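Data first, discussion second: the structure below is written as structure tokens.
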Amino acid sequence: MNLNSQQLQAINSPLGYNLVIASAGTGKTSTIVGRIANLIKNGTPPEEILLLTFTNKASIEMIERVAKLFSKDIAKKIEAGTFHSVSYRYLKKRNPKLILKQEADIKTLFRTIHEKRDFSKMVSELATPYTSKYLYEIYNFYQNIELEKSFGDWVEENREEHSIFADVYEDIVSEFEETKRELGFMNFNDLLLRMRESLDVSRPKFVEVLVDEYQDTNLLQDSLISKLQPDSLFCVGDYDQSIYAFNGASIEIIGSFKTKFPDANVHTLTKNYRSTKPILDLANRVIEKNERLYEKSLEVTKTSPNYLPKLLKFEELFEQYDGIADEVRKSRTPREEIAILFRNNSSADGIEGALRKFGIPAKRRGGRGLFETREVKALLDIYTLLQNQKDMMAFIHIFEYGKGIGASIAKELFEGLKKLGKGDLYRGFYSPDRNISNPFEKGRTSTQLLLTDYFQELGTVSRFRHLEFPDSFLSNPILKHPRLSEDGAVLLYEFRKLLRDFSAVKSPVKAIETIGNGPVYRYITRSLIHERSKLQSGEISKEKGEEARDNIWNRAKIIKKLSMSYNEHISFLNAMILGSKDLTSGEGVNLLTVHASKGLEFKEVYILDLMDGRFPNKRLATQNGGIEEERRLFYVAVTRAREKLFLSFAKIDKQKKKEFEPSQFLYEGKLI
């Protein structure tokens with residue numbers, strides 16, 4: 001490997017505690033790969049090396065580079081991946097039935113619990129109760145940063161105006177956690193929490209743990225590193241690129257490394273191989289306004305070309321988007337080497353529309369990807385429920401497609417079937433307990449915790465006789481739900497048959513074929529096609545319908561192709577959850593938030609909406625890491641550019657009748 005003197009000093013550092021401050025573009029990946037290679041050459045068994053990265057993509061790249069130096073057999077023995085994927089593999093060895101759920105599913109479950117509370121009975125002059133969505137976000141944040149206090153106590157201490165609701169919030173999250181365990185659900189935070197618990201019982205032996213993007217670790221992740229108790233710790237990061245305070249990341253972790261480990265060696269990589277001098281000069285002028293936790297400055301190694309960063313000034317907000325699209329149109333840089341970055345997603349729609357107007361293809365990373373489309377979610381939900389009949393969220397997502405059925409009714413149907421089957425969904429469908437005439441029980445009640453009584457009157461099954469269901473199904477008490485529609489009843493019946501037939505399906509590819517060709521998925525896709533065929537006038541467009549149908553089945557084919565690499569149902573489904581975040585489809589100009597651009601580089605970069613209030617975003621700066629974090633975001637954005645950098649701002653937004661001042665970063669960078 002061709003490493004400079006700073007990198008060589010780092011990779012040859014003795015076992016112990018080592019921190020490498022790797023500024024933007026200074027070759028941190030090469031340094032980590034070099035360190036791993038050095039460990040193996042000096043006799044460290046590869047299976048006793050743990051590499052923790054921020055993305056799975058990063059770990060794959062590093063392991064591939066190690067394989068080129070040694071062999072694939074040696075490289076694959078290294079335990080590598082994100083905190084979540086490493087934890088998943090470790091836990092799955094001990095519990096093969098471990099089931100991961102998408103965040104959307106977990107949020108839906110949380111909402112069903114939150115909505116049972118009648119907050120109108122508790123009035124506070126200081127605060128309005130948190131919505132389900134925001135309370136979930138707060139709870140998720142709490143899990144990442146608080147290792148000791150209960151959620152209720154944490155709310156009282158950190159959200160004083162909400163202390164009146166603390167007991168209710170505590171009860172909501174307690175029921176949420178209990179329900180998750182009962183259903184066998186786990187989300188990404190659960191992986192880390194369960195992993196930490198398991199390390200108290202048994203601990204894998206690692207000679208060295210390497211941590212990439214160390215500046216973005218939160219207290220929960222840091223506690224996992226501590227619990228592993230490796231012989232040696234090699235952390236690589238850059239405090240100037242710490243931009244995840246909103247997710248609980250703490251810059252104090254990298255900042256206090258030398259305090260926590262007094263004997264630690266601190267190495268600094270300063271030679272930038274990515275960007276030209278004018279770009280780095282701009283980055284340095286701005287970031288030096290932040291406190292220097294460790295002394296460093298970027299050094300230029302790339303001497304040409306030397307395009308000066310260009311400031312684009314526009315009168316009006318949407319004139320800015322058109323102007324940038326025109327610049328891109330005239331550029332000779334390959335489209336895939338161009339990135340347009342923005343602080344907030346609200347900027348993305350404007351620039352995407354402008355590019356489309358000029359006929360310029362673009363892809364949005366972090367936008368609506370393959371795994372976020374409703375047809376793919378539905379396909380995987382059906383598969384998940386057939387594989388794991390305890391999966392209430394998959395059941396809800398499937399059956400709320402039925403006419404007249406919402407999430408709450410779907411949840412009642414699921415719980416009713418479980419009761420009829422004594423906890424078994426299959427038995428609930430095929431051999432329900434005939435002694436149970438009313439499977440729809442009211443839940444617990446508590447005035448203090450805002451839980452109200454619930455009563456359900458039963459309907460009659462005779463309203464479904466014309467559907468010609470067999471008597472074995474028509475006599476099922478589940479059909480007594482008073483708000484169950486005909487479509488819902490048919491959907492239940494078709495799923496019942498699919499549940500029986502699926503027992504003979506042994507491979508993921510056969511499962512995708514069976515589900516895709518089955519009446520349940522066909523019902524859902526007909527609903528989606530009809531919905532997407534509508535014009536704004538309400539009329540149905542045959543052309544739009546055909547386009548929607550083609551898109552749906554093309555996506556199903558992609559999932560089928562992915563399934564061919566797997567032999568087990570659970571392995572395939574978990575891979576779809578773990579890997580979906582890293583997948584981006586499409587081609588053309590890259591549209592990314594600054595957060596999504598982290599770790600990437602492009603020949604030509606545009607940074608949008610550099611107006612005070614937008615970038616820096618003063619509201620988010622107040623909530624998260626302050627103006628220092630906004631400045632680090634600007635630094636990250638600037639250092640994505642290799643050769644050409646454009647910065648733009650507009651003076652007014654005509655639609656909102658709002659005037660803007662240029663971003664303070666333009667002044668700090670001496671561009672104004």
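The values are calculated or read from the model by the stated rules, or taken from the named source; none is laboratory data. In this text, all values refer to a predicted model and were calculated from it rather than measured experimentally. Cβ coordinates were reconstructed from backbone atoms using ideal geometry, including for glycine residues, and neighbour counts include every protein chain displayed. Accessible surface is based on the protein model in full, side chains and every heavy atom, while ligands, DNA and RNA are left aside. Shrake-Rupley method; radii C 1.70, N 1.55, O 1.52, S 1.80 Å.
Across the stretch 512-544, the qualifying residues are those that are small (Gly, Ala, Ser) and modelled with pLDDT under 90, and the one among them that is least open to solvent (accessible area, probe 1.4 Å) is Ser541.
Residues in the stretch 129-141 that are open to solvent by less than 30 Å² (accessible area, probe 1.4 Å) and in contact with a helix residue (DSSP H, G or I) (Cβ under 7 Å, 6 or more places away or on another chain): Tyr130, Ser132, Leu135, Tyr136, Tyr139. Residues in the stretch 346-397 that are of a type in the set (Asp, Glu) and either crowded, with 23+ Cβ neighbours inside 10 Å or farther than 16 Å from Ile324 by Cβ (or both): Glu372, Glu375, Asp381, Asp391.
Checking each residue in the stretch 5-23 for being surrounded by 23 or more Cβ atoms within 10 Å (Cβ to Cβ) and part of a loop (DSSP other than H, G, I, E, B) picks out only Ser23.
Restricting the stretch 24-51 to residues that are farther than 19 Å from Phe261 by Cβ and basic (Lys, Arg) leaves a set whose member that is least open to solvent (accessible area, probe 1.4 Å) is Lys28. If you go through the stretch 652-672 and keep only what is in a loop (DSSP other than H, G, I, E, B) and open to solvent by 50 Å² or more (accessible area, probe 1.4 Å), you end up with Lys654, Gln655, Lys656, Lys657, Glu661, Lys670, Ile672. Of all residues in the stretch 530-565, those satisfying the criterion of being among the hydroxyl-bearing types (Ser, Thr, Tyr) and not in a helix (DSSP H, G or I) are Ser533, Ser537, Ser541, Ser565.
Screening Lys97, Lys92 for residues that are closer than 30 Å to Ile172 by Cβ and either assigned to a loop (DSSP other than H, G, I, E, B) or free of Cβ contacts under 8 Å to residues at least 24 places away in the same chain (or both) leaves exactly one candidate, Lys97. Here Leu126 passes the criteria (1) surrounded by fewer than 18 Cβ atoms within 10 Å (Cβ to Cβ); (2) at pLDDT below 90; (3) under 24 Å from the mean Cα position of the chain (by Cα) except the one numbered (3). Scanning the stretch 153-162 for residues that are in contact with a helix residue (DSSP H, G or I) (Cβ under 9 Å, 6 or more places away or on another chain) and either farther than 28 Å from Ser223 by Cα or buried (at least 19 other Cβ atoms within 10 Å of the Cβ) (or both) turns up Trp154, Val155, Glu156, His162. When we screen Lys107, Lys77 for residues that are touching a residue at least 24 places away in the same chain (Cβ under 8 Å) and either in a helix (DSSP H, G or I) or aliphatic (A, V, I, L, M) (or both), the only hit is Lys107. Screening the stretch 356-438 for helices (runs of 4 or more DSSP H) wholly inside it with 3 or more residues that are farther than 22 Å from Thr179 by Cα returns the ranges 374-387. The lone criterion from (1) more than 26 Å from the chain's Cα centre (by Cα); (2) open to solvent by less than 20 Å² (accessible area, probe 1.4 Å); (3) among the aromatic types (Phe, Trp, Tyr) left unmet by Phe119 is number (2). Which one is least open to solvent (accessible area, probe 1.4 Å) among residues in the stretch 281-308 that are of a type in the set (Lys, Arg) and assigned to a loop (DSSP other than H, G, I, E, B)? Per the criteria, the residue is Lys296.
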